[in-house]
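The values are calculated or read from the model by the stated rules, or taken from the named source; none is laboratory data. The structure displayed is predicted, hence computed values, not measured ones. Don't worry about glycine lacking a Cβ; one is built from the backbone with ideal geometry, like all the others, and counts go over all protein chains shown. Quick note on the areas: whole protein, heavy atoms, side chains included, nothing else; ligands and nucleic acids left out. Shrake-Rupley method; radii C 1.70, N 1.55, O 1.52, S 1.80 Å.
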Amino acid sequence: DTEQSYKKRLKAVSLAAKKKLMSFCLAVDKKYQVNWHHRLIAVKLEEAVEKVKNGQRARIILELPPRHGKSELATIKFPSWLLGNNPDIPFIVASYSGDLAQDFGHKTRDLMLSEEYREIFKTRLKQDTKAKGKWMTNQGGGYTAVGVGGSVTGRGFLVGIIDDFVKNREEAESELMRNKIWDWYTSTFYTRQEGNAAIIVIATRWHCDDLIGRLLQKQKDDEYAGKLDYDKWEIIRFPAI
């Protein structure tokens, strides 16, 4: 009876983890601490997934102070959960440095190789593509990590995440750096979408004229110009108190 009860509980946990991102986070990480803002972000990420599945584009901006769990949830655990349910989806994850982006990829990959993950999902990684910054699933989906400004030639995405596009205030206050980031976004990152994709931009903001500021200004300009097909960003902003 004890073993049967354990199997029932395990099955219930697995079903919940497949359906809900927050349940997944708790199932694969015993130390994960959930706050109300994590739950809201998880819902928004789930809604973005549904839009992409329905052939619609999704655009989300997450603005949070440092050390509030934005990367752990949206950049590490979310890709592994989504690839568990949809192993054919291609991801590109970018950050201000290639090393940090690869660290994100490393953690996501290791999570997908964990025993807890394998109890929930059948998604498996290809044996010959397991580099921490570039790997694929057996079903053709995968993960590419790149530093902002880096090349993503030959790779596309249905979900693209940019997590912290500047390293510090010094970079944020450099107009030259802000222009470089904008040029990279418009000419490189944005062009790698495969149809209607989800783009998620995550940041602690340091400057009004940063990437997020320019994205929102472009939205206003496009709306004022009467364009019918332009990016409409949903902003989830949690200012420090």
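Of note:
- Between helix 2-19 and the chain: long-axis angle, C-alpha atoms, 0 to 90°, nearest 10: 20 degrees
- Shape metrics for the range 47-176, restricted to C-alpha atoms - Rg then Dmax, Å: 14.9, 48
- In the complete set of protein chains, residue-level accessible area for F189 is approximately 0 Å², probe 1.4 angstrom.
- Between K126 and Y32, the simple spin-label model (points 7 angstrom out along Cα→Cβ) gives 2.8 nm.
- For the range 170-221, the spherically averaged projection of the C-alpha convex hull amounts to 4.1 nm².
- Relative to the globular-protein estimate of 2.2 N^0.38 Å, the Cα radius of gyration of the range 55-113 stands at 1.18.
- Here the ratio of the Cα radius of gyration of the range 147-241 to 2.2 N^0.38 Å is 1.11.
- With R₀ fixed at 25 Å, the C-beta to C-beta distance from E175 to E234 puts the FRET efficiency at about 0.35.
- Between the range 182-229 and the range 162-178, the Cα center-to-center distance that results, in Å: 16 Å
- Net charge dipole size for the chain [Lys, Arg +1 and Asp, Glu -1 on Cβ; Debye, nearest 20]: 820 debye
- Segment K53..C208, full-extension length gain: 52.5 nm, with 0.36 nm per residue of separation and the alpha-carbon distance subtracted.
- Summing Cβ point charges (Lys, Arg +1; Asp, Glu -1) relative to the Cα centre of the range 90-221 gives a dipole of roughly 440 debye.
- Computed over protein heavy atoms with a 1.4 Å probe, the carbon and sulfur contribution to the accessible area of the range 148-241 reaches 50%.
- Averaging 1/r over each pair of different alpha-carbon atoms in the chain and inverting the result gives 18.6 Å, the Kirkwood hydrodynamic radius.
- Helix 98-112 and the longest principal axis of the C-alpha atoms of the chain enclose an angle of approximately 20°.
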